[in-house]
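For reference, the structure is listed below as structure tokens.
The values are calculated or read from the model by the stated rules, or taken from the named source; none is laboratory data. Model, not experiment: these values are computed from the prediction. Backbone-built Cβ (ideal geometry, glycine too); neighbour counts: all protein chains shown. We work out accessible area using only protein heavy atoms, side chains counted, and drop any ligands, DNA or RNA first. Shrake-Rupley method; radii C 1.70, N 1.55, O 1.52, S 1.80 Å.
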Amino acid sequence: MEEGRIIEVNNLRVSFDEREVLKGVSFSVNQGEITVILGGSGSGKSTILKHLLGLFPVKSDIVSVFGSDLAEVDEDDLRFYKKLGVFYQNGALLNSLSVGENVALPLEQHTNLPAEIIEDMVRTKLNLVNLEDAFYLYPSQLSGGMLKRAALARAIIMDPPLLFCDEPGAGLDPVSLAGLDDLILKLRQQLGMTVLMVTHEVSSILRIADKILFVDNGIIAFDGSLEEARKSEMKALKDFFTVGTGGKR
Ligand SMILES: Nc1ncnc2c1ncn2[C@@H]1O[C@H](COP(=O)(O)OP(=O)(O)OP(=O)(O)O)[C@@H](O)[C@H]1O
Ligand SMILES: [Mg+2]
């Protein structure tokens with residue numbers, strides 16, 4: 001694997017019930033970059049993320065993450081999976097637990113750290129997402145934007161060097177969305193996280209993306225920098241940016 005590359009995908013093909021959804025997807029993700037996967041509904045974006053997370057079996061030499069061939073990684077290899085943070089659109093918190101308890105869950109499950117240390121770590125992460133006052137609150141007492149930030153705190157509690165996000169901003173108002181973008185930028189800056197994100201939010205993409213992957217017809221139809229994506233003459237990509245920005249590019 002080339003230096004500085006965290007993910008390499010080489011000709012990933014995926015079929016569901018004999019319908020080929022991914023027809024040979026290849027791309028790489030560089031360390032410290034925010035890469036955004038774009039594409040229409042049903043184009044296979046979440047399917048790509050799920051294959052990178054080891055939720056579906058992959059053949060050897062197709063997907064490599066941190067230099068490990070995913071086909072060779074044991075499902076119980078916690079040291080490997082701890083490096084991956086995951087933040088889903090419906091990354092719901094458990095309603096019966098307080099925010100502090102929710103964020104602490106991965107630490108409770110995967111470490112033997114004493115309670116005071118866990119509390120310290122949880123408070124640090126809640127600070128980072130500007131939720132320092134929500135430690136004892138329950139999910140039902142939070143707004144949509146606060147819930148997302150709490151879920152993000154939980155996704156990063158183990159300090160994963162790689163964060164996967166699937167539509168993290170879905171359903172947020174523009175101000176909360178911008179706040180979430182700032183947070184993701186802060187994580188990259190302060191913790192050096194690499195981020196691979198699926199999002200439809202053009203305003204977010206313009207703020208945070210370094211690199212764009214556009215999925216169309218089962219392949220990566222465009223792979224380039226944000227600047228290149230904005231200038232691209234590819235119709236499907238052009239439409240995406242034009243519609244999403246109200247006609248301005
Ligand atoms: N487990 C599954 N079993 C059968 N079909 C599936 C499965 N997962 C995904 N698909 C199909 O694969 C295609 C791609 O789905 P996927 O969820 O990856 O799309 P997406 O690009 O994330 O769409 P959206 O933007 O709507 O979230 C869809 O046609 C979907 O029906
Ligand atoms: Mg999806």
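Between the residues G44, F164, P106, the greatest Cα displacement towards the positive end of the dipole of the chain, with unit charges on the Cβ of Lys, Arg, Asp and Glu, is found for G44.
Computed about its Cα centre, the charge dipole of the chain is approximately 760 debye, with only Lys, Arg, Asp and Glu carrying charge at their Cβ. What is the list of residues in the stretch 40-59 whose amide nitrogen lies under 19 Å from a point 7 angstrom out from the Cα of D17, following Cα to Cβ? What the label zone holds, given the 19 Å backbone N cut-off, is 41-48. Roughly how many percent of the accessible protein surface of the stretch 92-159 is carbon and sulfur, given a 1.4 Å probe and a whole-percent answer? The computed percentage sits at 52. The Stokes-Einstein estimate for the stretch 1-64, based on a Kirkwood radius over Cα pairs and taken at 20 °C with 1.002 mPa s viscosity, is a diffusion coefficient of 171 µm²/s. A Cβ-based charge dipole, computed about the Cα centre of the stretch 92-159 with Lys and Arg at +1 and Asp and Glu at -1, lands at about 320 debye.
When both the stretch 116-151 and the stretch 173-249 are represented by their alpha-carbon centers, they are found 27 Å apart.
At each listed q (0.13, 0.17, 0.18 Å⁻¹), what is the log10 of I(q)/I(0) that the Debye formula gives for the chain modelled as equal alpha-carbon point scatterers? The calculated log intensity ratios at q = 0.13, 0.17, 0.18 Å⁻¹ are -0.84, -1.34, -1.45.
Other residues with beta-carbon under 12 Å from the beta-carbon of S225 carry, at +1 per Lys or Arg and -1 per Asp or Glu, a net charge of -2. Of the residues P168, P106, P57, the one that moves most in a GNM of the chain with alpha-carbon contacts below 10 Å is P57. GNM remark for the chain: springs join alpha carbons under 10 Å apart, and the peak mean-square fluctuation among D216, D77, D17 falls on D17.
Per residue, the stretch 92-159 exposes an accessible area of 51 Å² to a 1.4 Å probe, with every protein chain left in place. A simple spin-label model places pseudo-atoms 7 Å from Cα toward Cβ; at Q189 and T111 they are separated by 2.5 nm. In this structure, the amide hydrogen of V198, modeled 1.01 Å from its nitrogen in the peptide plane, lies closer than 5 angstrom to those of I37, C165, D166, E167, counting only residues at least 5 positions away or on a different chain.
Spin-label model, A170 to N10: label points 7 Å out along the Cα-to-beta-carbon direction sit 3.3 nm apart. Here the chain carries DSSP beta bridges of which approximately 50% are antiparallel, counting only pairs with both residues inside.
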